[in-house]
Amino acid sequence: MLIVAALLSTFFLLARTPHSGSCGSLVGQTVFPGSYDIGSVCPQTAPISPSNHSSLLRELEEHYLTNEFKHTVFESLGGAIRVPTVAYDDLAPPGQDERWEIFSQLHRYLETRFPLVHANLRKTEVNTYALVYHWQGSDDSLKPVLLTAHQDVVPVEPLTVDQWINPPFSGHYDGEYIWGRGSCDDKPGLIGSLTSIEELLKKEFKPTRSIVLAYGIDEERGGISGATAIRDYLLATYGEYAFSILVDEGGGYTIQNDVIMASPGVAEKGKFDVRMEVMTPGGHSSIPPLHTSIGILAAMIKQLEDNPHVPHLNREGTYYQSLQCQAQHDPGLSKPLRQLIKRSVKSDKALKKLEAQLLRSDRMFGPLCGTTQAVDIVRGGVKTNALPERAEAIVNHRIDAHSSVSSLKTRIASIVGPIADRFNISIDAFGELLPDAERRAAYGHLRLSDALVQL
């Protein structure tokens with residue numbers, strides 16, 4: 001597993017960020033010094049430590065610490081950042097939208113920056129712009145390693161461009177940080193994995209186990225065109241359960257009292273974007289109604305934000321199991337919290353008390369243990385003297401692992417329903433008319449729908 005160790009060494013060189021927290025990827029395991037057989041609570045896998053090529057790993061790690069290498073790899077990342085591979089929410093499929101063409105520019109950059117990778121690995125373009133590389137190993141009986149990343153980044157709000165310390169696609173290295181969209185999410189994963197293999201090829205290393213690289217193109221909008229196409233390609237090419245390990249971007253790690261607590265990337269919450277459209281009669285602003293479509297939409301947004309989803313601990317959930325692991329092995333945890341976590345295994349009263357304490361003390365409790373909602377896009381109106389006939393908001397939800405899209409839809413309809421009644425607005429809730437009334441009898445109309453379907 002030399003390739004994984006070499007990748008991590010390169011990645012952590014790139015994974016510093018001026019923002020709070022860590023960024024990027026981590027191998028899916030938790031490591032504690034001294035022992036790897038630490039009982040049924042938070043059981044450990046064996047550490048990844050290459051034995052056949054340990055001297056080569058030491059040589060590479062020493063090379064990675066040289067200023068020459070650091071500046072080379074920093075520029076590799078900076079150059080990738082300077083190619084603005086933005087994944088817009090409304091992208092049409094590849095081949096139907098010219099905004100995809102920027103990814104070809106990134107591919108040409110990668111070819112020139114990593115010539116040995118492109119000379120020695122088999123590259124497959126999936127759905128035009130997603131990339132899969134295969135590095136053949138000498139032993140086909142061993143399951144390949146899968147290293148993944150995504151090439152795309154989120155857009156920059158045009159009104160905030162002049163607020164950046166360094167331009168958002170500059171890739172500028174200021175001696176401490178590399179600036180720009182993708183400097184953290186997720187071009188270090190892309191550049192780190194390619195750099196690791198390029199360096200191994202320079203050493204004429206030949207893997208025993210095959211290595212597969214897979215790079216998506218629209219992770220920032222849910223992987224509609226990239227991840228799904230890569231999934232189908234990998235299943236068709238390698239079959240199910242074909243890989244020995246997956247290294248992808250993940251949640252990072254913390255170090256307390258010399259204990260490394262890492263978060264395995266075993267799953268990700270699903271998401272659902274809800275479009276709320278309020279439609280009312282138009283007219284001249286000199287004779288306005290008491291409430292325009294924008295005002296009605298604002299009332300509905302306020303109602304949503306006044307009724308956030310309440311997170312709950314689930315004993316079968318990944319977050320709860322990680323709490324048990326922390327209580328067992330983290331010496332920095334306070335004694336009262338440790339005892340409360342352990343009592344909550346069998347006591348419902350202790351479980352509720354633990355929920356309340358985490359709500360007060362851990363900002364990540366809600367995002368990890370419940371459904372989140374964020375009103376991210378609002379549109380409405382076309383002219384200052386014309387009443388807006390349509391106003392819309394798009395609300396992003398990251399759904400609790402123990403909930404569902406159907407439950408979320410029902411909840412949203414029940415929360416905005418009373419506001420719609422107050423303004424005499426009929427509701428089309430995801431294809432169902434609520435209440436059961438003629439649309440023409442109401443002052444206006446609210447349509448709740450899947451925002452993705454209409455992009």
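Quick note: the coordinates plus some simple rules give every number you see, no bench work behind them. The structure displayed is predicted, hence computed values, not measured ones. Ideal geometry is used to build each Cβ from the backbone, glycine not excepted, and the neighbour counts take in all protein chains shown.
Placing +1 on the Cβ of each Lys and Arg and -1 on the Cβ of each Asp and Glu in the chain, which of GLY180, ILE427, TRP135 has its Cα farthest towards the positive end of the resulting dipole?
Towards the positive end, the residue furthest out is ILE427.
State which helices in the chain qualify, where a helix is a whole DSSP H run, it must extend 27 Å or more along its own axis by its Cα atoms, and its mean Kyte-Doolittle hydropathy must be at least -0.5.
What comes out of the filter, once short or polar helices are dropped, is none.
What dipole magnitude, in Debye to the nearest 20, does region 318-368 give about its Cα centre under +1 on Lys/Arg Cβ and -1 on Asp/Glu Cβ?
Computed charge dipole of region 318-368: roughly 240 debye.
For the pair THR318/ASN67, report the inter-label distance in nm, with labels modelled 7 Å from Cα in the Cβ direction.
4.2
Quick check: residue separation of ASP362 and ILE165 times 0.36 nm, minus the Cα distance between them. What number comes out in nm?
Additional length available on full extension: 67.9 nm.
What order, most packed first, do the peptides 192-199, 284-291 have when packing is the mean number of other Cβ atoms within 10 Å of each residue?
192-199, 284-291
Using 0.36 nm per residue, how much length does the chain from HIS284 to VAL41 gain when fully extended, once their Cα-Cα distance is taken away?
Taking 0.36 nm per residue and subtracting the Cα distance, the gain is 80.8 nm.
For the chain, what does -39500 (n - 2.57) per DSSP helix run (n ≥ 4), summed and divided by total residues, give at 222 nm, in deg cm²/dmol to the nearest 500?
About -10500 deg cm²/dmol.
Filter the cross-link list LYS302/LYS352; LYS123/LYS203; LYS302/LYS383; LYS143/LYS206 down to pairs whose alpha-carbon distance in this structure exceeds 18 Å.
LYS302/LYS352; LYS123/LYS203; LYS302/LYS383
Using r as the Cβ-Cβ distance of GLN328 and PHE243, and R0 as 41 Å, what FRET efficiency do you calculate, to the nearest 0.05?
Once the sixth-power term is evaluated, E becomes 0.90.
Please compute the length gained on full extension between ASN120 and ASN424, using 0.36 nm multiplied by the number of residues separating them and subtracting their Cα-Cα distance.
Here the answer is 102.8 nm.
Mind checking the dipole of the chain: about its Cα centre, +1 per Lys or Arg Cβ, -1 per Asp or Glu Cβ, Debye to the nearest 20?
Around 1200 debye, computed over the chain.
Under a straight-distance cross-link criterion of Cα-Cα below 12 Å, which aspartates and glutamates are reachable from LYS269, leaving out those fewer than 8 residues away in the same chain?
LYS269 reaches ASP400.
Nearest 0.05, what FRET efficiency do SER138 and LEU433 give at R0 = 56 Å with Cβ-Cβ as r?
According to the calculation, E is roughly 0.30.
Can you tell which of GLN105, PRO84, TYR64 lies farthest toward the positive end of the dipole of region 56-114, using +1 and -1 charges on the Cβ of basic and acidic side chains (Lys, Arg; Asp, Glu)?
After comparing all options, I get TYR64.
Based on the alpha-carbon set only, what is the convex hull volume of the chain divided per residue, in Å³?
It is 187 Å³ per residue.
Provide Rg and Dmax in Å for region 171-256, with only Cα atoms included in the calculation.
Radius of gyration, then largest Cα-Cα span, for region 171-256: 15.9, 45 Å.
With the Cα gyration tensor of region 67-215 in hand, give its eigenvalues times 5 under a square root as the equivalent ellipsoid semi-axes, listed largest first in whole angstrom.
Value: 29, 20, 11 Å, ordered largest first.
Quick one: work out Rg over Rh on the C-alpha atoms of region 230-324, Rh as Kirkwood radius.
Across region 230-324, the Cα-based Rg/Rh ratio is 1.22.
Take every DSSP beta bridge with both residues inside the chain and express the antiparallel ones as a percent of the total, to the nearest 5.
If I count the DSSP bridges inside the chain, around 75 percent turn out antiparallel.
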